[in-house]
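Student: What follows is a single structure, and I will ask about it in a moment.
Read-outs throughout are calculated quantities, based only on the coordinates presented, and are distinct from any laboratory measurement. A quick note: this is a predicted structure, and the numbers were derived from the prediction, not measured. Ideal geometry is used to build each Cβ from the backbone, glycine not excepted, and the neighbour counts take in all protein chains shown.
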Number of protein chains: 2
Amino acid sequence: MSAVLNIKEYMQGLGVNAKAAASILKAVESDKKNAALIVIAQRIRDNKEQLIVENKKDLERGQMQGLEAALLDRLALTPTRIEAMAEGLEQVAALPDPVGEISDLNYRPSGIQVGKMRVPLGVVGIIYESRPNVTADAAALCLKSGNATILRGGSEAIHSNQAIAACIQEGLAEVGLPIAAVQVVETTDRDAVGEMITMSSYIDVIVPRGGKGLIQRISSEASIAVIKHLDGICHVYIDDDADINKAVKIAFNSKAQRYGVCNAMETLLVSEGIAKDVLPELGRQFSQQGIELRGCPKTCALIPGCLRASDEDWSTEYLAPILAIKIVAGLDDAITHIEQFSSAHTESIVTENYSVARRFLREVDSSSVMVNASTRFADGFEYGLGAEIGISTDKLHARGPVGLEGLTTLKYIVLGDGQIRT
Amino acid sequence: MSAVLNIKEYMQGLGVNAKAAASILKAVESDKKNAALIVIAQRIRDNKEQLIVENKKDLERGQMQGLEAALLDRLALTPTRIEAMAEGLEQVAALPDPVGEISDLNYRPSGIQVGKMRVPLGVVGIIYESRPNVTADAAALCLKSGNATILRGGSEAIHSNQAIAACIQEGLAEVGLPIAAVQVVETTDRDAVGEMITMSSYIDVIVPRGGKGLIQRISSEASIAVIKHLDGICHVYIDDDADINKAVKIAFNSKAQRYGVCNAMETLLVSEGIAKDVLPELGRQFSQQGIELRGCPKTCALIPGCLRASDEDWSTEYLAPILAIKIVAGLDDAITHIEQFSSAHTESIVTENYSVARRFLREVDSSSVMVNASTRFADGFEYGLGAEIGISTDKLHARGPVGLEGLTTLKYIVLGDGQIRT
């Protein structure tokens, strides 16, 4: 009981400090924020050995606790990964600063000028698992966008995260920014998360990064707005008027370029009129790649060795070398299937037909809708955001890859010369 | 128990219908939506007598139940108010359609073009009290922005709301739009609200309009995002470098032009150096207007008859002819006071000092921040939005007056020519 009380007090203390830091950060000029990012990058390079020592403590404990090899790999800090982390900080420093930008400033009939100014959200809470580089990435994006941040990494990475946090706070102090601009939660007690996601007086938004289970739990329990996506059941639809070569290339790349990512295709929809021209070749390429195919009866008739899909397959995010394939009657049927089964992450159509492309773009209600491009492009770097704090499949505030802009909000500004309302 | 089950089924039925309507509405062209709005306006004019008959039922029941005179007045439909409702619909028809607008469409190094398309949110749930004109206003804004809407008015206005809903649905049917585009909840059972604010599979956002109690309850119980403001504790700060004439005019107008509105000033902050030049005159004008003044000790010394403010006054939204006044040391002190007590709705500074104005605009973190203008301008019409569905003091998604744009979201669109990720 007293431990829980202490956790509450500890977390509230972080909240108070973060809010005070946010109040300073919101008006700090870009030069100073960029200087901090560059110093932090240098500190991370300078402390490479120390970071590896601390990381080893996490790895050893992880091995003792029997963590899976994949998780241990994600947890590991190597000289290359540490250098990449430092470069990531420098890249964020090089991005344009969104804060303070004024748009749509127009005179109104009353004589006042009304416009919008982009400003930080305030305090961002990040909850994430295993990969320690998130500590540096997330801190960089929040700092650049003028937000204070509270970082809660997984307990398996606690030593690594604290060592990275020490570099960050040294950098902040060196340029004269409040060290509470970036705080890492120092307890591995799980109650800290419960406290964090309900501290609505101190935290403006929560960004969870990790497995679906973590994100689901946080979304349902948080009393603070959450920027998130639960899963990516992405579709490619090959239209009757598709260029066959593009269709094969895009479908293959959308599935096979990487399996465990949220923007990989999980279901391929093919229009009836073109199925026999693309599916045998695609079936061959997928099988050669070792990808298990699960199709509707018509698909199975066209691809030797294709398994029969069950109803469940249409709503499954495999994150694995498995693909569901369905032959549909055409555009309307494809859109209906997507409406029913998509997780509203990313859908792509392959077609040379202008009117079909135009309808798909307008009517498919997902965070990214594409024509003749691989779903794998749904990514902050590829979209030109520079970096991303995550991807949102929600409709409010931020949708799709979320970069610096998604960590800001627009307030109205009004410039007058003594105007009053009559 | 069975009644509750029936309410649940009934509300879920509205949800299913709304979602189906939204799926059609999202791609309906402006012409058709505008035609519907104009026909609805005509139906409302044609049915003026019927609307007054139905409204009388509500008024009579309200009188029997002892509703306050102010509430009965808000509930009443007069020929003038009915005509205003019809004109409101026509004004929304005349606004530009935000849906489908594509922005920031740029080529990326990979050859894909990435941009954003503005699309409807989907289904909007509106929960409101007494004023039946909200039924028409809210329906118009949602329809124009391509959203289906479920409207839950107060039980005291049920006959009026249903009569207005009948006009709306006739108009929708006449132009061939689904009548489920606008649905009015036909039960006055309070369980309907509880059901509505947790139907996250069917409703994308809830907009509560009414008293603080209603909005607080809905915000804390909803599992759907809520666009709202709880209160408006707005400040005017008169700086040392203010033009005295503008200062007096703006402070007086911000408080006295109307009392019961969220953008009225509730606390006046005056810099020490100018207090003796503005407060005696302002005190005279406010007193003449019958406004009760509650000041800090220094204020009381300058205004005869000013009462001593208690700590509570700084965080009170009076919505009445009462004003709190505090003398502060200058800009920093004013910003600190605002940070502590403001509800982040609207704050205005009166100053001729360029640097002071620039700092106030950047550092005050409210939904509207003004220089030399009355806080009463914080309003969708005055800002040029044409109409507003409400005002948001939250930071995510929409902030300040919320018009058609706030009822939409941006999805990413990607145009390619066969690009794949390497």
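Student: Given a cut-off of under 8 Å on Cα pairs at least six residues apart, what relative contact order in percent is computed for segment B:332-422?
Tutor: 21 percent
Student: Using +1 at the C-beta of Lys and Arg and -1 at the C-beta of Asp and Glu, which of A:PRO98, A:MET85, A:GLN65 has the Cα lying farthest in the positive direction of the dipole of segment A:1-101?
Tutor: A:GLN65
Student: For chain B, what does -39500 (n - 2.57) per DSSP helix run (n ≥ 4), summed and divided by total residues, give at 222 nm, in deg cm²/dmol to the nearest 500?
Tutor: Mean residue ellipticity, 222 nm, calculated: -14000 deg cm²/dmol.
Student: Among DSSP beta bridges lying fully in chain B, give the percent that are antiparallel, nearest 5.
Tutor: So the antiparallel bridges in chain B amount to around 30 percent.
Student: Follow-up question, since we're still on this one. Got a sec? Charge dipole of chain A, +1 on Cβ for Lys and Arg, -1 for Asp and Glu; which of A:GLY210, A:ASN6, A:VAL248 is way out at the positive end?
Tutor: Farthest towards the positive end: A:ASN6.
Student: Highest GNM mean-square fluctuation, chain A, Cα pairs closer than 10 Å: which of A:GLY232, A:GLY115, A:GLY210?
Tutor: Result for chain A, Cα springs under 10 Å: A:GLY115 fluctuates most.
Student: Would you mind telling me which residue in B:GLY100, B:GLY384, B:GLY154 has the biggest mean-square fluctuation in a Gaussian network model of chain B, where springs connect alpha carbons within a distance under 10 angstrom?
Tutor: With Cα springs under 10 Å in chain B, the top fluctuation among B:GLY100, B:GLY384, B:GLY154 is at B:GLY384.
Student: Rounded to a whole number, what is D in µm²/s for segment A:1-152 from Stokes-Einstein with the Kirkwood radius over alpha-carbon pairs (4 °C, 1.567 mPa s)?
Tutor: This corresponds to a translational diffusion coefficient of 72 µm²/s.
Student: Which of the lysines could a cross-linker bridge to A:LYS249, judged by Cα under 23 Å and excluding same-chain residues fewer than eight apart?
Tutor: Correct list for A:LYS249: A:LYS276, A:LYS298, A:LYS326.
Student: In addition: For segment A:223-366, what's the radius of gyration and Dmax over Cα atoms, in angstrom?
Tutor: Calculated on Cα positions, Rg and Dmax stand at 14.5, 51 Å.
Student: If I take every Cα pair under 8 Å that is 6 or more residues apart in chain B, average their sequence separation and divide by the length, what percent do I get for the relative contact order?
Tutor: 18 percent
Student: Please provide three numbers in whole Å: the alpha-carbon extents of chain A along the principal axes, with the largest listed first.
Tutor: Cα extents, longest axis first: 72, 67, 42 Å.
Student: Right, another one. Can you give me the orientation-averaged projected area of the convex hull built on the Cα atoms of the protein assembly as shown, in nm²?
Tutor: With every direction weighted equally, the projected area is 38.2 nm².
Student: Now a separate question. Determine the dipole magnitude for segment A:1-130: charges of +1 sit on the beta-carbon of Lys and Arg, -1 on that of Asp and Glu, nothing else is charged, the reference point is the Cα centre, and the result goes in debye to the nearest 20.
Tutor: Value, rounded to 20: 440 debye.
Student: Here's another thing I want to ask about it. One decimal, nm, shortest first: give the distances between the label point of A:LEU105 and those of the same position in the other copies, each label point 7 Å from Cα along Cα→Cβ.
Tutor: Output for A:LEU105: 3.0 nm, nearest copy listed first.
Student: Select from B:LEU293, B:LEU37, B:LEU141 the residue whose mean-square fluctuation is largest in a Gaussian network model of chain B (Cα-Cα springs shorter than 10 Å).
Tutor: Comparing B:LEU293, B:LEU37, B:LEU141 in the GNM, the peak value goes to B:LEU293.
Student: I've got another one for you. Using the Cα centre as the reference, give the magnitude of the dipole from point charges on the C-beta atoms of chain B (Lys, Arg: +1; Asp, Glu: -1; all else neutral), rounded to the nearest 20 debye.
Tutor: Roughly 480 debye, rounded to the nearest 20.
Student: Using the 10 angstrom Cβ neighbour count as an exposure proxy, how do A:GLU347, A:GLU312, A:GLU317 rank, fewest first?
Tutor: The most exposed by this proxy come first: A:GLU312, A:GLU317, A:GLU347.
Student: For an R0 of 41 angstrom, estimate the FRET efficiency from the Cβ-Cβ distance between A:TYR259 and A:GLU174 and round to the nearest 0.05.
Tutor: 0.45
Student: Quote the charge dipole size of segment A:332-422 about the Cα centre in Debye, to the nearest 20; the model charges only the Cβ of Lys and Arg (+1) and of Asp and Glu (-1).
Tutor: 360 debye
Student: Continuing with this model, one more query. With the label 7 angstrom out along Cα to Cβ, how close does B:LYS212 come to the same site in each of the other copies, in nm, nearest first?
Tutor: Spacings between copies for this position, smallest first, are 4.4 nm.
Student: Hey, another quick one. With everything on Cα atoms, drop me the angle between helix A:272-288 and the longest principal axis of chain A, reported from 0 to 90° to the nearest 10.
Tutor: 70 degrees
Student: If you don't mind, another one. Report the gain in length on full extension from A:GLN289 to A:GLU9: 0.36 nm times residue separation, minus Cα-Cα distance, nm rounded to one decimal.
Tutor: 95.4 nm
Student: Same structure, new question: Could you line up B:LEU89, B:LEU151 from fewest to most neighbouring Cβ atoms inside 10 Å?
Tutor: Starting with the residue having the fewest Cβ neighbours, the order is B:LEU151, B:LEU89.
Student: Rounded to whole angstrom, how close does the nearest chain B beta-carbon get to the axis mapping B onto A, and which residue is it?
Tutor: Chain B residue with minimal Cβ-axis distance: B:HIS397, 2.
Student: Which distances, shortest first and in nm, link B:LYS57 to the matching position in the other copies, using label points set 7 Å out along Cα to C-beta?
Tutor: Copy-to-copy label distances for B:LYS57: 7.3 nm.
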